[in-house]
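Reading through the structure tokens given below for one structure.
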Amino acid sequence: MTALGLLYPGHFAEDDFPRIEQLLGSDIRVDVVHTDIGEDGPGVAALRELGAEERLAAGVAELRLAGADAVVWACAGGSFVHGWEGAQRQVRALAVAAGMPASATSFAFVHAARELGARRVAVGTTAPGEVAALLADFLRAGGLEVAGVRSSESVTAAEAATWGEEEVLALARAADVPEAQAVLLPDAALHTAAHVPTLEKALSKPVLTANQVTVWEGLRLADRRVNAPALGTLFTREPLVQA
């Protein structure tokens, strides 16, 4: 049994994780501990507060008791707004507090894109432009080329959580550009676990979503590789995108 511990902010699209767990197989367990979000706002200040060390530390003890093998801060914005170095410090502090390997969704996107050989990516996000720009900077710091960014501007997490397949697909299509080798949807509040195959079929390229890459990153930390095509190209055994 491999147990993954996720620190997830608030209550928005956490029902993605039982679906992902089911698709991964019976020897994978995904434990979710919810962290306090404070203000549900899309701005930089709110996101920095979201990932404050004390907020993350509050959920660590529960994950240790659950027997997690690795922990992932299941939030991109609450990580990348601190910059590459700041996000690394955040993860290191989390690993020390948890006593296990740790990462965050922001790093998961970089690692997943590398896994697929996708050096040029496009980003579709519900965050405002200033936040999207910080994400683009973070991805570039991770060695990726950002071919385009599409922002829906100032959608709260609660609003994003109400989006269905049609809205998510529209965001992905709006973000996509021909030169991008993959499309990234970084919002953990979006329900995407059931939509990845549809998204990839519509765009004819890999689509990486927050909750999908978060679980994949936990498996990577736990040194597990799982073949689950229903979760998209990332969960197939062989990368399909070549640089």
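Tally time: how many residues in the range 159-174 are more than 17 Å from the chain's Cα centre (by Cα) and touching a residue at least 40 places away in the same chain (Cβ under 8 Å)? Number of matching residues: 1. Under the condition of being surrounded by 18 or more Cβ atoms within 10 Å (Cβ to Cβ) and farther than 25 Å from Gly164 by Cα, the residues counted in the range 120-133 number 0. Evaluating Arg114 against the criteria (1) surrounded by 17 or more Cβ atoms within 10 Å (Cβ to Cβ); (2) at pLDDT 95 or above; (3) of a type outside the set (Gly, Ala, Ser) leaves one unmet condition, (1).
Applying a threshold of 6 Å to beta carbon distances and a minimum spacing of six or more residues, or different chains, the list of pairs starting in the range 131-155 at a residue that is of a type in the set (Val, Ile, Thr) and ending at one that is part of a loop (DSSP other than H, G, I, E, B) reads Val155/Thr126.
Screening Val213, Val155, Val149, Val131 for residues that are within 22 Å of Phe80 (Cα to Cα), β-branched (Val, Ile, Thr) and under 13 Å from the mean Cα position of the chain (by Cα) leaves exactly one candidate, Val213. Being at positive phi, at pLDDT below 95 and of a type outside the set (Gly, Ala, Ser), is that true of even one residue in the range 153-161? The answer is yes; a qualifying residue exists. Within the range 206-215, one or more residues are in a loop (DSSP other than H, G, I, E, B) and buried (at least 22 other Cβ atoms within 10 Å of the Cβ). Considering the range 93-108, and only residues there that are crowded, with 21+ Cβ neighbours inside 10 Å and not β-branched (Val, Ile, Thr), the residue that is farthest from the chain's Cα centre (by Cα) turns out to be Ala98.
Kindly check whether there is at least one residue in the range 197-204 that is surrounded by fewer than 21 Cβ atoms within 10 Å (Cβ to Cβ), among the hydroxyl-bearing types (Ser, Thr, Tyr) and without any contact (Cβ under 8 Å) to a residue 60 or more places away in the chain. Checked against the condition, which is being surrounded by fewer than 21 Cβ atoms within 10 Å (Cβ to Cβ), among the hydroxyl-bearing types (Ser, Thr, Tyr) and without any contact (Cβ under 8 Å) to a residue 60 or more places away in the chain, the range 197-204 yields at least one hit. Criterion applied to Ala147, Ala180, Ala189 was being buried (at least 24 other Cβ atoms within 10 Å of the Cβ) and touching a strand residue (DSSP E or B) at 6+ places or on another chain (Cβ under 9 Å), and the one residue passing it is Ala189.
The values are calculated or read from the model by the stated rules, or taken from the named source; none is laboratory data. Note that the coordinates shown come from a computational prediction; the quantities given were computed from them, not determined experimentally. In this analysis, Cβ positions are derived from the backbone assuming ideal geometry, glycine residues included, and neighbour counts consider all displayed protein chains.
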